[in-house]
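Rule-based calculations on the coordinates, nothing more; no lab input. All values derive from a computational prediction rather than experimental measurement. Heads up, the Cβs are rebuilt from the backbone with ideal geometry, glycines too, and the neighbour counts pull from every protein chain shown.
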């Protein structure tokens, strides 16, 4: 198993190179002088020169890259143009909100999605299956932000069960904070649940046709055990491997949801920074999300080894 | 010897393949009613957006100050927005933009992804390098990658199309590579090689046709993803310019009037949902139809 | 549980009467089994025999209550007198494992991949016998010991993928027997195993089943297996029982033409000059069942009477047969085996005049495997030498993993050799590259195993047949179509095939097309890798006969690869026995079969199931 983990770890490194290089080149790809773009047209030549220097734009490209990489290794993501603080602390402030939102939605999505998908597959072609699958396909067809707008309209404006928008930080108590996240989490979670339900259903159907399910039945085990032990274990292995993809969808979806519900999360920060041309923050957000994404996928790979002995004894 | 075979053939009566094809089409229609409905819905949506100038009473950008925020009525079926523009007209014209972007992104990313996927799946050396690149691109959540690219390169229809295509190409590459790897293992590739066929001939004449079903299915799904993504990007203000009507842009305008003018968000939202839903149902149907495991049944 | 029922049925463990299974389909119901009846007595082993698609496995699934819920079961299945069809689904299910144990064909896919062996073995006893976890594990170790896995080899905490094929099937067997059921149903339990293992596992299945006092239903396509392990046998054809009786009697004196045909289709030791007896055509598909006697379309003795369905009736000596014109007693086997003699084989008996067509020297192939940091080099083929004379067949036999396919792929230049020389037709084959190699390929062609995968499923037969002519520019383009038809006719097909797609053909027909394609450039050598192993016995016989005929007509040499010793003996002029990448013995069929030198060859030979109907 040690070998398996080491191999995964080594395979991840080249994966990280792409985002790092991409993020670096992105700024250089921008039309015109980034310093001018960032400061706007009113900036003096002196200001531009200073920013160019602080961004290291006056040096040759390889030196810039080396320099940038060196600072990355020290977790120095530079300074925001807009906020009077290092990029890393801006990101960690906003990151807490996104983390809360994603975890909540993820839990909701997995419970609803896996449950619904299993139900649909086990009662294939019956009413339950039809209902779950219609809901799921409608779910994957809805734009998150529009779904969010409608949720606000119904549950916040008409019924007034939840705040229309805004975020209550954790420091003001767990419950109020959670309450402010219910609608956003439902919005994001339901749509991901639709994805997971579709995925789970087809995975369960695949597993159902495996000979080992027939073996389990031939042993006289009640259907309950066949489903929750034999089939579920088989399904778990396949579902787990797609969790990384789900996370990517969640992070993408979170951006729109944060904007709709006015949550000060990473997605909102990214969108705002694009508007402000705050390149260091853009770079930072992209880098941090891709790092998180890669780390979670690595974790999934390791978990995989625990669930699937075929991987463990590779 | 021919005697034993005569009977072998005689007792396996096979109908004319053309007839089989036609009969199969009838079965397809009978077995996938939802796919047919979705296909018809798509045709209608496309037709309606193409015929927008004939169907809409007003130009999409015609500002009538006296008609601001009017609810749905005979004159304005979908109501008017904060500038008195006809929502129906804007939704129809917006559909043109959204569908066009979706279609172009689907064609570009599926086309590019297929070529790369074929090469990657067939030649191991290319595989090592390109797949690391693909993994790296996949390590960035789709929308975040798109937003940051557009954010830096500047908003615009071309940028949105290019960025979304770059986002979806790696996904297509993975799918195509997967099918190529399976096909490469099947015996007929060896058979063709042993017959003396050249590698490019085998790749394009034998392997490519087998990837067509995943290609078609991917195209229909990416079409729908791209429509959703364009709407999302425009809604976030990093999509196409605000003066071009698109479903995402109309919804952005509606945000401030959510409580006062519900029709501003409902109709364009429904347009997106219906279009994407039809595409997804159609894609599901296609996938079931083209799935080799379901073919023989 | 049997005590409750009347005297007549208590003596049987299993009574199946008029079992009919129907799959409802939107476009008409499909009846897969019709009026299947048979009995299994205590301590008895009954073989269910027939080709694929005849309904053997379906019968087993019906008895075990494992049919999909949407199919209709009529008739009666009684286990120790209890009517199973009257039970609810749950009650029925609860009998599984406890009263009926199942052994499936492929143990790797039949065992759960992520549950430990111990977990899977103890489920039954904990549920049905109420044992504690500890007691159940003890029982599991006991059972494993009885199927030949010693207690010292503690594999309860291992997983299916860590075990060898033979081990896995032993575990499957232990799992079926662990609750000491009344009945064990084994569905092709040895088909996926290597020859030398087959005999062992079969013997084990027979003895351990009897040991726990269970009766055995053994499903197989192999008459040799039945004669080895079964007391009685039931022959099935197209969803009917066509013959049933004592195994010995049926095998020595088959009364049904199908049974006799099956026996004639098996190559016999020492009989290689004769053509194989064949049954024309293939098993009909469910939606195209002939009316009347279902075998009639393939039967040489069919007449008007066969248009109505015969009944399964007892003949003079307890054998039941479903035929209007059963074969007469006594001379049945002789009648079957008195097939036409093959003309004397010119090529093999003449001393080869020129040098060998193909000469392989010191052929070696290594593969690297294992994790990136501890990469191991494994030699799949470790220096192999052999020659093939023009127009002759060299048979390469060996078990899975012996390296025989790797040899084939190297000879075909599909993979490179690590070391060694391949001289073909006077030139060095290993030196050829690119266009020169592709040009030379017209002289050595290939026919591969998989009749589904070997032809591109998206091209018509016409298009596939055209390819070799266009590629190697065989004559003017205007003649290619006619040449294709001629080649198809050579393999017993005709021009009506041209517009069809591979999936519209039967397995045998597809293999014929593959052979026609390989023959089209008039090659000097055809490499046939397990070319007939996926085919049913009767179709296999057709293809083997045809390949011999074509060899005579086209003077083509074969490198014929198979795991089946009887097939190899039937086909070959020279035989090579491979094990662990080495050619352990090379010789003529007579040398190999009557005077084997190497111990492994002797082992292989002794593992062949007996053929009691062989005349010598």
Length gained if residue C:142 through residue C:439 is fully extended, taking 0.36 nm per residue and subtracting the Cα-Cα distance, is 100.7 nm
Tilt, helix C:480-490 to longest principal axis of chain C (alpha-carbon atoms), in degrees rounded to tens, equals 50 degrees
Each label sits 7 Å from Cα toward the beta-carbon; between residue B:62 and residue C:329 the label points are separated, in nm, by 10.2 nm
Taking N as the residue count of the stretch B:106-216, its alpha carbon Rg divided by 2.2 N^0.38 Å gives 1.23
Rounded to the nearest 0.05, FRET efficiency between residue A:85 and residue B:75 (Cβ-Cβ, R0 51 Å) equals 0.40
Note to self, chain A gives a 222 nm [θ] from helices alone (DSSP H runs n ≥ 4, -39500 (n - 2.57) apiece, / all residues, nearest 500) of -24500 deg cm²/dmol
Taking every DSSP bridge whose two residues both lie in the protein assembly as shown, the antiparallel percent to the nearest 5 is 55 percent
By Cβ neighbour count within 10 Å, fewest first, C:243, A:172 rank A:172, C:243
The exposure ranking of C:291, C:430, A:289, fewest beta-carbon neighbours within 10 Å first, is C:291, C:430, A:289
Quick calc: nm separation of the 7 Å Cα→Cβ label points for residue C:385 and residue B:182 -> 4.6 nm
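Report the FRET efficiency, 1/(1 + (r/R0)^6), for residue C:301 and residue C:495, where r is their Cβ-Cβ distance and R0 is 25 Å, rounded to 0.05.
My answer for the efficiency is 0.20.
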When chain A is treated as a Gaussian network with springs between alpha carbons less than 10 Å apart, the largest mean-square fluctuation among A:205, A:188, A:266 is found at A:205
Classified through the alpha carbon gyration tensor (a ≥ b ≥ c as square roots of its eigenvalues; rounded if a/c is under 1.5, else prolate when a/b is larger than b/c, else oblate), chain A comes out oblate
Label model pair residue A:262, residue C:368: point-to-point distance (7 angstrom along the Cα→beta-carbon line) in nm is 6.1 nm
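How big is the antiparallel share of DSSP beta bridges in chain C, given as a percent to the nearest 5?
Of all bridge pairs located within chain C, approximately 55 percent are antiparallel.
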Taking chain C and counting helices only, DSSP H stretches of n ≥ 4 at -39,500 (n - 2.57) each over all residues, the nearest-500 ellipticity at 222 nm comes to -9500 deg cm²/dmol
Gyration tensor on Cα atoms of the stretch A:96-274, a ≥ b ≥ c root eigenvalues, a/c under 1.5 rounded, else prolate if a/b beats b/c, else oblate, says prolate
Fewest-first ordering of C:585, B:192 by Cβ atoms within 10 Å yields C:585, B:192
Quick shape check on chain B: root eigenvalues a ≥ b ≥ c of the Cα gyration tensor, a/c under 1.5 is rounded, otherwise prolate if a/b tops b/c, else oblate, and it reads oblate
Compactness summary of the stretch C:530-580: radius of gyration and Dmax from Cα atoms, Å, are 11.3, 36
Nearest 10, in degrees from 0 to 90: the angle of helix C:507-519 to the longest Cα principal axis of chain C is 10 degrees
Checking rank on C:214-220, C:599-605, with mean other Cβ inside 10 Å and highest first, the result is C:214-220, C:599-605
For chain A, longest principal axis from Cα atoms; helix A:2-29 axis from its Cα atoms; angle between them, nearest 10 degrees, is 40 degrees
Length-normalised contact order of chain A, Cα under 8 Å, at least 6 apart, in percent, tallies to 28 percent
If the chain between residue C:210 and residue C:285 were fully extended at 0.36 nm per residue, the gain over the current Cα-Cα distance would be 23.3 nm
Quick calc, residue B:274 & residue B:31: beta-carbon distance into FRET formula, R0 30 Å, rounding 0.05, result 0.80
